[in-house]
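Let me begin by presenting the structure, written as structure tokens, before commenting on it.
The values are calculated or read from the model by the stated rules, or taken from the named source; none is laboratory data. Owing to the predicted nature of the structure, the values given are computational and were not obtained by experimental measurement. A quick note on method: Cβ atoms are made from the backbone with ideal geometry, for glycine too, and the neighbour counts reach across all protein chains shown.
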Amino acid sequence: MLKLVDLTKVYRTEEVETTALNQVNIHIKQGEFVAIMGPSGCGKSSLLNIVGMLDNPSSGQYWFGDEDVAGYGERKLADIRKKNIGFIFQSFNLIDELTVFENVELALLYHDIPARERKERVKEALAKVNIAHRESHLPQQLSGGQQQRVAIARAVVSRPRMLLADEPTGNLDSANGEEVMNMLTELNGEGTTIVMVTHSMPHAQYARRIINLFDGQVVAENLRAA
Amino acid sequence: MLLNYVRVACRVLLRQRLYTALNVMGLALGIATAAMMGLYVWHETHFDGFHSQGGRIFRIVQAQYVPAQAPIRRIETPKPLGPALAQDLPAEVETMVRVVRHAIVLRDGGTPVEDTIYLADAPFFRLFDFPFLAGDPATALAQPGTIVLTESRARRYFGSSDVLGRTLELTSGVRLVVTGVVRDLPSNTIFSREFPATLWTNVATRFQDGWDAEFAAKDTLWRDEFLQTFVMLKPGVDGGALPARFPALLLAHREGRQDIAPGLVETLELQPLTAMHTDPMAGLGIAPGALAAFIGIACLVLGIAVVNFVNLSTARASLRAREVAIRKTLGGRRGQLVAQFLLESVLLALAAGLLGLVLAELVMPRFLALLAVRLDARFLGGTSLAAAVLLPTLLVGLLGGLYPAVVLSRPRPTDLLRGAQAAGGGRLRAALVMLQFTAAIVLVIATIVMGQQTRYASTQQLGFRAEGAVVLRGLARPAGRAGLASLHDALARIPGVAAVGAAANVPNDRSEWTNNYRLPEAPDGTRDLLFRTEPVDVDYLQALGVPVLAGRVFDPARPGDVTSHAAIRAGTAGTTIPVVLSVTAAARLGLGAPDRAVGRTVVYGDSLPLTVVGVVADVQFGTARQALEGTVYLAMRDELSVLLVRLAPTADAATLAAIDDTWRRLFPDLPLKREFLDEHVRQVYADEALQGQLLALFSGLAILIACLGLFGLAAFTAERRTKEIGIRKVLGATVADIVQLLVWQFSKPVLVANLIAWPLAWMLMGWWLGGYVYRINLNPLVFALASLAALLVAWVTVAGHAARVASAKPVTALRYE
Ligand SMILES: Nc1ncnc2c1ncn2[C@@H]1O[C@H](COP(=O)(O)OP(=O)(O)O)[C@@H](O)[C@H]1O
Ligand SMILES: [Mg+2]
């Protein structure tokens, strides 16, 4: 599904140049569940942002399907991203002013889906993550676990082929963390490709493959027996 | 502690540079506007308050009350009125002073120039405190043949201000002895503005220029109202009790006047000195309406600026919720936080006040020049401006700081940290933006409508050809009257001159000669009609280019066309006097269509029959504010004082030079006063044009300030919504989607503002146009245009921010979470 070839990301600020990713080569197939691990600052988020087309690499190739999107501009990336990729963040990133329902619906607003169908799909997604009873609440009125479930609903409501999760359990207690992992596994079982960054070894165990990063480079890839 | 606050405040203000700059600039503009307006209005409402006896001095106003009609009030009074008052009310009136203007001609470096001298009764300078540099105010005007000058006139005519006892010689040969030099008058007296006086003499001074006999004859003429009469009451006299005695006093002196119109009451009123400038009589001084408009517009512009200030302050403060929370957890008390916010806000306002002061100092002279108003330097000095600026500035500063101070310091720190406060101020800000744009849109609509009306009024049917004609004035002296015929002939021979005509007035001269006319067959008891009466010569109507609708105009080949005052007074012996009527006069007399009017007889005054020889189109003598009056043209030699020279299409600069030369050759002692007729006519609309300019200026300012605020708010919103926008982009929003989102957020208040502004402007402009007899219809397109303009300006202001935020990579927005 996607292939990174000699992918490098360099951040330049006024004083320093940080090589966040150094000649990374990774191949992820359709339907895989991949966990990315590594110490803080090793480049996990940078990798995920590029895979998620939120940012461009400095050099190298990024094959998504049969297109090299490495040099694509914002408009083209937005188009591909919209059709294919969903996101889950450590800090949930819900919009404070919108209700739970509206936050989830937002993901469909930019997809030209008629209002009636939007409503059905949002309800369906909320039901799937067991938060339907809170659909008219504002994010601040929910617990962290509940907020993350809303974020997951929002990520999947547009039925993306691939789900990217950056430390989705980082801000949650273990019970809520387990629940989120179960949901991801379920989604993977339905065919969604999942790439997840995590610090937690137990949560990494849900994945089929673990990629270890260190200082911007891939140092090990472990395939877990199914 | 305070020092610490100030330091923190300065740091905060410097860090948020854009916000500080916008805030200071917008408020400074508002403050400068308000300070200038405030100063101007203060000046205009403090006229003639400095005379030490001012409380006892009044100007006499003549008033006519006719049932069911607006009262007529005028400051012109007959010559015998003053002495009659002094004589009939010896217990009440201490002194009376009459004042009248006269144009004199004297030589200034060889060329004859005209100047205006004020004839006044001897006590003038006892009533009015104008400080003397030399001479004795009590006696300076005691004798005829004296003259008092201002310092600058003394310099001009003598090259020195030490001129007591010297003589000023007029071209008529009269010599006036200088008995006083006064300091140049202050700007806040009617003798600087409405009746600019620089020369004074005793009321009995003789000029030997045709004035003396006529003026002396008016000693007993109660009918001729032309000079101003002031009275000083005795100390302790109640001015309020006098008016009740005036109607009887008037009746005693001028019998036979009471039957002019049924129910008419003529009386006098006492106008206090300080009210002279702001009483809207006779179109002099400044109308209270204009003052109110000035104050209103100033408040509007300042209001818009203050709203900006408050808006930007609250917006910025809400970004500092986290800081407030942390201060609170560290033990900061509410009072301290309130003080901190107030201090920041007041500092900012003071900076704006200072900048506003500088702006006002720089712009005030140009502003006054635009108004054609002079203010003494002491009114423009730094201190009075500073005083005008300081108070509003402090108020605005406190107001701007109050809301954030109170709102932000209230909640518990945990709420602030969770970001719960975010939503609150947004609606208030939107409402305030809406108010700003309502005001701005109303101003824009008013500007456009006033512009349209002024253009319409000045280009509408004048009834004559204003272009290509030259007016020569100043012939109302013996030399001028005597040489008028030869000048007429000489001018007519100049190549490039098509025709020459003489008249008493040209259109827009504010001529006021009206008379009663009726049809001979009208039954007794019908009310006479009052028509404007215009003395002209036989060539004038043709030279002016008035279309002839029926019959003929006066003909140089028919000596019988010409009449005179003497002939009119003597009445007719068998012959009738030919007249030309305007079409409105013919219609109001009931003569029907123009060609049916020709040959009919009309009665002038009591019994003088006139024969209508022609009917001409209506001539607009005043502004479009006045309805067309009926006009009767009489051909006569008396009264003629203006020559109208119609230029041929071939006329050029040489033609004008030849006209000037001819004048100088024939009248070496008379000053040449030449102007173009169309320019003269356009002056009627000078006030309107000025108002239009001012309004355009202020609506531009209003929009500019509103946009400064909008710009700041857009920057703030873009920043505050960075995270949200990032999320939206991650979810697939395109740049266009985001720009649309932000632009829409700011379009909403502007759209709502339109809904409020439209009816408001419609009513306001409907009322304003109501003052015109000839007026445009309000065009909805104008409203749409103003709205569209406001919307466009708002978009341009906001779109930059929106595009910048929208096109940023989404990852940058989310990274900081
Ligand atoms: N926008 C940026 N500008 C500059 N440096 C950055 C930026 N984003 C990340 N970095 C740097 O790149 C390195 C990798 O960061 P990141 O991908 O966030 O690591 P991780 O998610 O594994 O903790 C770090 O050293 C970080 O400081
Ligand atoms: Mg990270």
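Each row is one residue, and each column tells you yes or no for (1) buried (at least 21 other Cβ atoms within 10 Å of the Cβ); (2) within 11 Å of another protein chain (Cβ to nearest Cβ); (3) closer than 18 Å to B:V730 by Cβ; (4) in contact (Cβ under 8 Å) with a residue 12 or more places away in the chain.
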residue	(1), (2), (3), (4)
A:R81	yes, yes, yes, yes
A:N103	yes, yes, yes, yes
A:H137	no, no, no, yes
A:Q140	no, yes, no, yes
A:G145	no, no, no, yes
A:Q148	yes, no, yes, yes
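Residues that are under 17 Å from the mean Cα position of the chain (by Cα), surrounded by 15 or more Cβ atoms within 10 Å (Cβ to Cβ), at pLDDT below 90 and assigned to a helix (DSSP H, G or I): does region A:71-78 have at least one? Taking every residue of region A:71-78 in turn, at least one turns out to be under 17 Å from the mean Cα position of the chain (by Cα), surrounded by 15 or more Cβ atoms within 10 Å (Cβ to Cβ), at pLDDT below 90 and assigned to a helix (DSSP H, G or I). In the condition set (1) at pLDDT 95 or above; (2) surrounded by 21 or more Cβ atoms within 10 Å (Cβ to Cβ); (3) aromatic (F, W, Y), A:W63 is compliant with all but (2).
Output the number of the condition that B:A585 fails; it satisfies all remaining conditions of (1) in a strand (DSSP E or B); (2) surrounded by 22 or more Cβ atoms within 10 Å (Cβ to Cβ). Answer for B:A585: the failing condition is (1). Put simply, of A:A220, A:A226 the only residue that is away from chain B (no Cβ under 13 Å), within 16 Å of ligand 1 (Cβ to nearest atom) and modelled with pLDDT under 90 is A:A220. Among the residues making up region A:149-174, those that are among the polar types (S, T, N, Q) and within 16 Å of ligand 2 (Cβ to nearest atom) are A:T169, A:N171. Close contacts from region A:36-59, counting a first residue that is farther than 13 Å from A:G216 by Cβ and a second that is within 11 Å of ligand 2 (Cβ to nearest atom), with Cβ to Cβ under 7 Å and a gap of 6+ residues or different chains, come to A:M37/A:T198; A:L48/A:D166; A:L48/A:V197; A:D55/A:N49.
All of (1) within 16 Å of ligand 2 (Cβ to nearest atom); (2) within 20 Å of A:I211 (Cβ to Cβ); (3) polar (S, T, N, Q) hold for A:N22 with one exception: (1). Candidates A:L54, A:L94: the one that is away from ligand 1 (no atom under 12 Å from the Cβ), surrounded by 18 or more Cβ atoms within 10 Å (Cβ to Cβ) and not in a strand (DSSP E or B) is A:L94.
Here are B:A736, B:A806, B:A789: which of them is within 30 Å of A:R159 (Cβ to Cβ) and surrounded by fewer than 18 Cβ atoms within 10 Å (Cβ to Cβ)?
Details: B:A806 fails: surrounded by fewer than 18 Cβ atoms within 10 Å (Cβ to Cβ); B:A789 fails: within 30 Å of A:R159 (Cβ to Cβ).
That would be B:A736, the only listed residue that is within 30 Å of A:R159 (Cβ to Cβ) and surrounded by fewer than 18 Cβ atoms within 10 Å (Cβ to Cβ).
Here is a check on your reading of the model: is B:V811 within 16 Å of ligand 1 (Cβ to nearest atom), part of a helix (DSSP H, G or I) and either within 23 Å of B:V442 (Cα to Cα) or modelled with pLDDT under 90 (or both)? Spelling it out, B:V811 is indeed within 16 Å of ligand 1 (Cβ to nearest atom), part of a helix (DSSP H, G or I) and either within 23 Å of B:V442 (Cα to Cα) or modelled with pLDDT under 90 (or both).
Out of the helices (runs of 4 or more DSSP H) lying entirely within region B:622-732, which hold 2 or more residues that are in contact with a Ser or Thr (Cβ under 7 Å, 6 or more places away or on another chain) and over 30 Å from A:F89 (Cα atoms)?
B:686-720
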